[in-house]
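Peer 1: Next up is a structure, given as structure tokens.
Taken together, the values in this text are just the output of simple stated rules run on the coordinates, not laboratory data. Note that the structure is predicted; figures quoted are calculated from it, not measured. All Cβ positions, even for glycine, are placed from backbone atoms using ideal geometry, and neighbour counts span all protein chains on display.
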Amino acid sequence: MNRCKRSFLVVFSALVIVVTLCSTALGYEPIVPTSYEGTVKNKSGAPVQKTGTIRVLIDEKAYTESTMSGGKYSATFEGEISVLNKSVVFLVVVDGKEYQTQTEPSEVKYQPGAMEQVNIIVDIPADSTSGTGTSGGGASTSQIPAAPTAQPPAGSYDKSVVVSLYLTGGGTIYYTTDQSDPKTSSTADKYTGAITINNDITIKAVSVKNNCYSPVSVFSYKINLVPTVIPPTSLVDIDNHWAAETIREMVYKGIVAGYPDGTFRPENTINRAECAAILSRALGLPAGDTGMLSGFADKDTIPVWAQNAIAAALGEDLIKGYPEAGGNTTFQPLKPITRTELAAILSRTLTQEVTVEEGNSLVFTDQAQIPLWARQAVDIASQADIVAGYPDGSFKPSKVVTRAEATVMVERLLERI
């Protein structure tokens, strides 16, 4: 290791120690990036010249993918406290096939902030011009688990559907509903039971067994059930709900709506498109120019009924997109909105409409889980009593918002502007 790299490691390690000590003093443990780098060689000791991918897994969950080129790789990622000291597995992917590996050192344990030299040994031909990389062994086609299937099948439905995922041959299923890759996405969920679908959505699912992934299955569902304004007294599923009075008032004002079958479905989650539509109606915003949506890489996934409302909210700088790798921006209209995101939107709206006086900041028991970019917004929204915490003192920043919760939060916003 050269002198410059040694100096960098010393400085970085000192920084990690300082951050850890400061964060511990504040009552929480930080998650700082972990880095592995090293060589990739075959069992004869020759560098693997094929270009491929290195997957880093802990507890069969992939935390990152990095490029392998010229017999070398470098991978940086952020893990979770729950996997502290657990074994790290490295997979080599070449020509679409996964290969088991050995490492030097023989066992690697996850530590936040670690910068380790981990050399990888894989049973794959080193010659980049020979074959497809399968003749040397590794993960044969029979070792790759079967991809998940879904019932009912993907398609268009006139009512909500309950989707179950299946696989043959054993293993674990991970899935996403935000268009991300379930092999590597931080939003991937472990499949534990049927998924109720009330809105247009795409499920991407993958099975994993013995640290090998199946191909990704994609299931797209279209639900042709659009909310429509019906008399609030006709809603059949809110009589005993805690937010019934607010829901009826907001339906009466035309800000939120029930469904043609007379339900409001208060406990269904609400997505970003629906949230933008409710907020635009609540503020009386004129229809926006849909040309504003052209900058989003996923503009074609934005429902037609929500396009003017989303454009209006964008024009007022109330809602934003997501920056993606490669300089693209996505809107992700069907992504369920979290308490953190909605608090940020409502706080932004509040500060644009009225002067907000600073008060005593509220400190939640899970304050450390609120992203840094959103802490001021959550503080403003909670001080204004637009967004409340839970009886146990927590905020639950990653919890998705229900239709009832969103209705109540928007109603509280209107009371304060």
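Peer 1: Whole angstrom only: what separates the Cα centroid of region 296-334 from the Cα centroid of region 374-397?
Peer 2: 25
Peer 1: With the crude spin-label approximation of a point 7 Å out along Cα→Cβ, what separation in nm comes out for Q151 versus K253?
Peer 2: 4.6
Peer 1: Using the per-residue mean of other Cβ atoms lying within 10 Å as a proxy for protection, in what order, highest first, do the peptides 170-180, 72-82, 150-160 fall?
Peer 2: On the way: 170-180: 18.8, 72-82: 15.8, 150-160: 12.4.
Highest to lowest by the protection proxy: 170-180, 72-82, 150-160.
Peer 1: Quick one: if the Förster radius is 60 Å, what FRET efficiency do Y166 and S294 give, using the C-beta to C-beta distance and rounding to 0.05? Show your work: numbers first, answer last.
Peer 2: Details: r = 39 Å, r/R0 = 0.66.
Step by step, r from the Cβ atoms, then E = 0.95.
Peer 1: What FRET efficiency do you get for K72 and T351 if R0 is 60 Å and r is their Cβ-Cβ distance, rounded to the nearest 0.05?
Peer 2: Here the calculated transfer efficiency is 0.80.
Peer 1: Name the shape class, rounded, prolate or oblate, that the alpha-carbon gyration tensor gives for region 254-322, where a ≥ b ≥ c are the square roots of its eigenvalues, rounded holds for a/c under 1.5, and otherwise prolate holds if a/b is larger than b/c and oblate otherwise.
Peer 2: On the way: a/c = 2.10, a/b = 1.60, b/c = 1.31.
Prolate is the answer for region 254-322, as a/c is 1.5 or above and a/b outweighs b/c.
Peer 1: Counting only residues 5 or more places away or on other chains, whose amide H sits under 5 Å from the amide H of Y191 once H atoms are built in the peptide plane?
Peer 2: Correct list: I173, Y174, Y175.
Peer 1: Let me ask something additional. Would you please classify the overall shape of region 211-368 from the alpha carbon gyration tensor, given that a ≥ b ≥ c denote the square roots of the eigenvalues, rounded means a/c under 1.5, and beyond that prolate means a/b larger than b/c while oblate covers the rest?
Peer 2: Here region 211-368 falls in the rounded category.
Peer 1: What nm value, rounded to one decimal, do you get for the distance between S220 and S106 when each label is placed 7 Å out toward the C-beta?
Peer 2: Reported label-point gap for S220 and S106 is 5.0 nm.
Peer 1: Next up: Quick check for you: which residues of region 255-296 have the amide N under 18 Å from the point 7 Å beyond the Cα of Y390 toward its beta carbon?
Peer 2: 267-270
Peer 1: Still on this model: Expressed in nm², what is the orientationally averaged projection area of the convex hull enclosing the Cα positions of region 304-372?
Peer 2: That works out to 6.8 nm², a quarter of the Cα hull's surface.
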